Structures are given as structure tokens and as C-alpha cells.
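The values are calculated or read from the model by the stated rules, or taken from the named source; none is laboratory data. Predicted, not measured: the structure shown is a model, and the values here were computed from it. Note that each Cβ is placed from the backbone with ideal geometry, even for glycine, and that neighbours are counted across all protein chains shown. When the accessible area is computed, the model is the full protein with side chains, heavy atoms only, and any ligands, DNA or RNA have been set aside. Shrake-Rupley method; radii C 1.70, N 1.55, O 1.52, S 1.80 Å.
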Amino acid sequence: MIIKTIEANAYASYDEKGIGEERVIRSRVIDIIDAVRTGKDGALRDLTRRFDNVWIENFRVDQSTIDQAYETIDPDLRDDLIRAYENIRTYHERQKQNDYEIEVMRNSSIGQVTKPIDRVGLYVPGGTAQYPSTVLMNAVPAKIAGVGEIVMISPPDRNGNIGKTVLAAAKIVGIDRIYRCGGAQGIAALAYGTESIPKVDKIVGPGNIYVTMAKKELFGVVGIDM
């Protein structure tokens, strides 16, 4: 059962009401986080229905849906996504840091060891719009760094789907898992894990004030990108 203090209009636009409005949003976000932390998939389904107006029984997007999205988008758009992916990869490959060791005296040395994060969560805004650039710009550096697993979440539309262009971009990059959920509840699911969604070590990607506030509140439980 969802905590009653979570209001149905929690995703109203953030305006110029200032600190008072921010406190209200923070209170709602904390309630959402607590609901997902304790209720897991059940709470996540209830919150998705409340905020995205759709009931999601199975959050994970199956591979056949991803493959179909890639094959059925406009061929010119697909070529543009592939070209963008290659350009981004070329740029970030130059940033990759290598291990090194320097001997400063006999039997004594200093150096650097770089270790990739085991599992990263990527938030991609969605619903009424599609942001394939968010997929490419965040996932390509993670792949180059050697991140073990990338888990992507994105809010579903009214039909319970994630946009084809976003799914096609995810296939091009090689996202490991994709789930249909968003908002503060999606961030909480990544931070704590649910029956369906694995807990991650760090969350990256942009979002609205509720997503940003949830990341801020969960910093320490999980790493964030700011």
C-alpha cells in the first residue's frame, strides 16, 4: 500500500515558489523512496500507475522488443545513431586512464590502479519524448571504462513502452538490461534493488526535479554523477 502522503500531482512542474516548494518536493521524494525501499516491485508498480498512468507487470524489456526497435526505426536515423556512437567512442577512448607503477627507491614504488565500477544504473528521461543522446553519451564512456554491467531505466509511455529510438541506441551501445520505470521511484529501485531490478553501485543520467532530488537523497546509499 502506497504511503498516503504521496500526492497524485507529485510531478507538477517545478516553478518559482522557491525553497518552500523544494521542501514539499523533498518530502514527497522521501515518501516515494521509503515506499520502494520497503515495498519493492509492488510499490514500484503502484507508483508507476499513479505517476505514469500505466500498469507494468514485467518491468524488463525483452531482447526481441529491443531487436525489433532497432530493425524498424528509420534507416537514416539508425545510421545517424551508429555514426554518433562511433564519434563518441573515438573521443572517449582517448580519455581512458592506464595503470602505472613508478619505483621511487629500492623495494618501494608508487603508482595508479584504475578499476571499473561493477554495475552502473543509467536513467534516461522518457514518457512523451525520446533522448537517445542520453543513452550514447552516458553508456559509451562506461563501456570504454570496462563497467561490468549497465542497467538502464526509462519511464514508459501510456502504452507501457519505451521509445524505439532509445531502445535502438541502447542496442547499439550494448546496454545489458533495460527496465520500464522512471521518476524518483525508479532511482530508488536502482539504489536499493527490487525483486526485478538489481541494485547498482552508481546512478548516472539527467532527469526532472524529482529524479535529481532522489539522487541527492540517496547519495551514500549509491554513488551519483554530481
Problem - Surface accessible to a 1.4 Å probe, per residue, for the residues of the range 86-148, Å² - result: 71 Å²
Exercise for the section: Among 190, 44, 77, determine the one that fluctuates most according to a GNM of the chain built with springs between C-alpha atoms less than 10 Å apart. Expected result: 77
Problem - Cα centroid of the range 186-226 to Cα centroid of the range 127-170, whole Å - result: 15 Å
Exercise for the section: Starting from the Cα gyration tensor of the chain, take the square roots of the eigenvalues, sort them a ≥ b ≥ c, and report rounded, prolate or oblate (rounded when a/c is under 1.5, otherwise prolate if a/b is larger than b/c, else oblate). Expected result: oblate
Exercise for the section: With all protein chains present, calculate the accessible area of residue 22 using a 1.4 Å probe and round the result to the nearest 10 Å². Expected result: 70 Å²
Completion exercise
Phi-derived 3J(HN,Hα) across the range 60-67 with the Karplus relation (6.51, -1.76, 1.60, θ = phi - 60°), rounded Hz, x for Gly and Pro, is 6, 7, 6, 4, 5, 5, 5, 4
Practice task
Run the numbers on the range 148-226 and let me know its relative contact order in percent, using alpha-carbon pairs under 8 Å that are six or more apart.
Solution key: 26 percent
Exercise for the section: List every residue whose amide H lies under 5 Å from the amide H of residue 121, counting only residues 5 or more places away in sequence or on a different chain, with H placed 1.01 Å from N in the peptide plane. Expected result: 151, 201, 202, 203, 204
Exercise for the section: Please calculate how many Å² of accessible area the range 20-73 carries per residue, with a 1.4 Å probe and no DNA, RNA or ligand atoms counted. Expected result: 51 Å²
Practice task
Grab the Cα-Cα distance for residue 91 and residue 195, subtract it from 0.36 nm times how many residues apart they are, and report the gain in nm with one decimal.
Solution key: 33.7 nm
Fill in the blank from the handout: Total charge of the residues flanking residue 122 in space, meaning their Cβ is under 12 Å from its Cβ, with Lys and Arg +1 and Asp and Glu -1, is +1
Handout entry: Listed residue pairs exceeding 20 Å between alpha carbons, taken from 40/115; 96/143; 171/199; 143/216; 96/216; 164/215
Key = 40/115; 171/199; 143/216; 96/216; 164/215
